[in-house]
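I have placed the structure first, in the form of structure tokens, so that the comments after it can refer back to it.
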Amino acid sequence: QGTRDHPPAQAALRDRLLSAVVSCFKRHGAAAIDTPVLELRETLMGKYGEDTKLIYELQDQGGELLALRYDLTVPFARYLAMNKISNIKRYHIAKVYRRDNPATTRGRYREFYQCDFDIAGQFDPMIPDAECLKIVHEILSDLQLGDFVIKVNDRRILNGVFAVCGVPESKFIPACSTVDKLDKMPWEEVRSEMVGEKGLSPEAADRIGEYVQLHGGLDLIERLLQDPKLSQNKLAKEGLGDMKLLFEYLTLFGITGKISFDLSLARGLDYYTGVIFEAVLLQQEKEHVEEAVSVGSVAGGGRYDGLVGMFDPKGRKVPCVGVSIGIERIFSILEQRLEASGEKLRTTETQVLVATPQKHLLAARLKLISELWDAGIKAEMLYKKDPKLLKQLQYCEDTGIPLAAIVGEQELADGVVKLRDVATREEVRM
């Protein structure tokens with residue numbers, strides 16, 4: 001359940017998609033790393049909030065309690081701490097595992113790829129954070145997935161909001177994961193979960209509601225900086241100051257048109273400490289409807305300054321900010337699009353088929369194809385001694401091979417090869 005095989009057409013589409021993402025990561029100067037699929041159980045436990053129950057635990061193998069990695073961020077933090085690295089810009093593309101109830105139609109699987117880009121190191125505020133948002137903007141624009149919005153918030157602003165609304169600190173994280181559901185449920189349901197399940201007072205929930213339904217840009221940041229209650233809270237003030245700085249940098253990058261400062265964005269993970277963001281695809285449902293409908297999150301990330309310290313015996317901290325591209329969701333969308341368009345995707349890259357028109361010419365084909373391979377040319381031939389020419393040309397049509405190199409008795413006698421353009425049927429002797 002929740003896993004799948006990828007036939008050649010899907011694998012080719014995935015390749016195309018991943019290479020677009022990787023070229024963006026490389027354009028921004030990231031180096032690739034890789035880590036094992038297995039981690040020690042204790043490395044993963046207690047890092048994912050309510051989602052810890054989705055970790056795949058393995059049976060005791062030779063005295064080690066292991067689990068399959070749940071994301072690529074915690075292994076990255078462990079890698080930095082183990083190797084005493086305090087400064088790196090890396091990307092990592094690999095499979096992760098979640099014991100989730102699979103909803104394969106929505107692109108939710110138990111085994112799936114993640115594509116992560118992270119900047120670790122002590123830098124001036126918001127410069128790396130702004131670059132992460134620029135990367136999301138570049139990738140989503142490049143893939144032409146349609147309209148999108150990148151929601152941005154800050155954990156410190158959220159914690160400040162909870163504090164001034166009278167939420168005890170012990171309930172910040174549960175309150176956070178409930179607020180995070182605002183994109184899927186109306187405020188009334190979120191409010192009743194806060195009061196009913198998370199034990200918040202109705203008054204606190206109502207006060208939170210006044211804030212978390214706000215979204216906007218620089219104007220909203222300015223307004224909240226003037227807010228009599230929030231401006232008294234040290235955390236919220238810090239967060240808002242940084243948010244203002246972030247928007248200045250995003251303005252210089254020219255991407256604020258797609259960015260929304262959204263106080264309902266919480267992201268359920270425990271390890272975020274500052275800026276958090278999530279990119280959502282929008283779908284124009286009907287022509288006359290102004291309001292765009294969200295199709296779901298296709299990228300997310302944020303700042304996690306405390307995570308590396310958890311793995312360091314001396315507690316040395318390495319500030320980090322990163323982004324994960326939701327490749328499975330994007331893949332599902334592109335797949336549906338390809339099906340709808342009826343376009344046939346080539347699954348191989350063969351440039352030329354070596355063909356013969358008469359019998360007893362296998363030796364000529366083998367010699368020619370060997371020369372082509374040695375010259376680095378992608379070539380194929382049919383595995384029959386005496387295939388009919390029509391069958392060979394048909395194979396080119398079926399698999400999208402553009403050229404056929406034909407050697408018959410005449411060509412051998414003249415020391416040439418006849419090159420045929422499969423689509424136009426033009427031929428030249430070379």
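Based on protein heavy atoms only, the chain ends up with 51 Å² per residue of surface accessible to a 1.4 Å probe.
Relative to the longest principal axis of the Cα atoms of the chain, helix 234-253 runs at roughly 30 degrees. Here the range 8-341 exposes an accessible surface that is 50 percent carbon and sulfur, computed with a 1.4 Å probe and the other protein chains kept in place. Against the chain, whose longest principal axis comes from its Cα atoms, helix 187-196 is set at around 60 degrees.
The distance between label points at Ser19 and Ser341 comes to 1.6 nm (points 7 Å beyond Cα on the Cα→Cβ vector).
Shown for the range 298-417 is the translational diffusion coefficient from the Stokes-Einstein equation, using the Kirkwood radius over Cα pairs, a temperature of 4 °C and a viscosity of 1.567 mPa s: 68 µm²/s. When both bridge partners sit in the range 352-429, DSSP labels roughly 55% of those beta bridges antiparallel. Share of carbon and sulfur in the accessible area of the range 352-429 stands at 56%, probe radius 1.4 Å. The angle between the Cα long axis of helix 127-142 and the longest principal axis of the Cα atoms of the chain comes to about 40 degrees, rounded to the nearest 10.
Assuming charge only on the beta carbon of Lys and Arg (+1) and of Asp and Glu (-1), the dipole of the range 352-429 about its Cα centre is about 280 debye to the nearest 20. Pairs exceeding 28 Å between alpha-carbon atoms, taken from Lys26/Lys234; Lys258/Lys344; Lys344/Lys385; Lys95/Lys151: Lys26/Lys234; Lys258/Lys344; Lys344/Lys385. Let a ≥ b ≥ c be the square roots of the eigenvalues of the Cα gyration tensor of the range 8-153; is it rounded (a/c under 1.5), or, if not, prolate (a/b larger than b/c) or oblate? Cα axes put the range 8-153 in the oblate bin.
When the Cα gyration tensor is reduced to axis lengths a ≥ b ≥ c, the ratio a/c is 1.5 or higher for the range 58-110, and with a/b not above b/c it is classed as oblate. The aspartates and glutamates within cross-link reach of Lys53, meaning a Cα-to-Cα straight distance under 15 Å and a gap of 8 or more places when in the same chain, are Glu42, Asp71, Asp100, Asp270.
Taking every Cα-Cα distance in the chain and sorting them into 10 Å bins starting at zero, the pair-distance distribution P(r) comes out as 4, 18, 24, 21, 13, 9, 7, 3, 1, 0 percent.
For the range 148-213, the set of GluC sites (Glu not before Pro) satisfying both a DSSP loop assignment and a count of at most 10 other C-beta atoms within 10 Å is given as Glu197.
What shape does the range 165-252 have by the C-alpha gyration tensor, where a ≥ b ≥ c are the square roots of the eigenvalues, rounded means a/c under 1.5, and otherwise prolate means a/b greater than b/c and oblate the rest? Prolate, since a/c reaches 1.5 and a/b exceeds b/c.
For the range 352-429, the Cα gyration tensor yields ellipsoid semi-axes of 16, 14, 14 Å (square root of five times each eigenvalue, largest first, whole Å).
The values are calculated or read from the model by the stated rules, or taken from the named source; none is laboratory data. Given the structure is predicted, the values throughout are model-derived calculations rather than measurements. Counting neighbours? That spans all protein chains shown, and the Cβs are built from the backbone with ideal geometry, glycine included. Ligands, DNA and RNA are stripped out before the accessible areas are found, and what is left, the full protein with its side chains, is counted by its heavy atoms. Shrake-Rupley method; radii C 1.70, N 1.55, O 1.52, S 1.80 Å.
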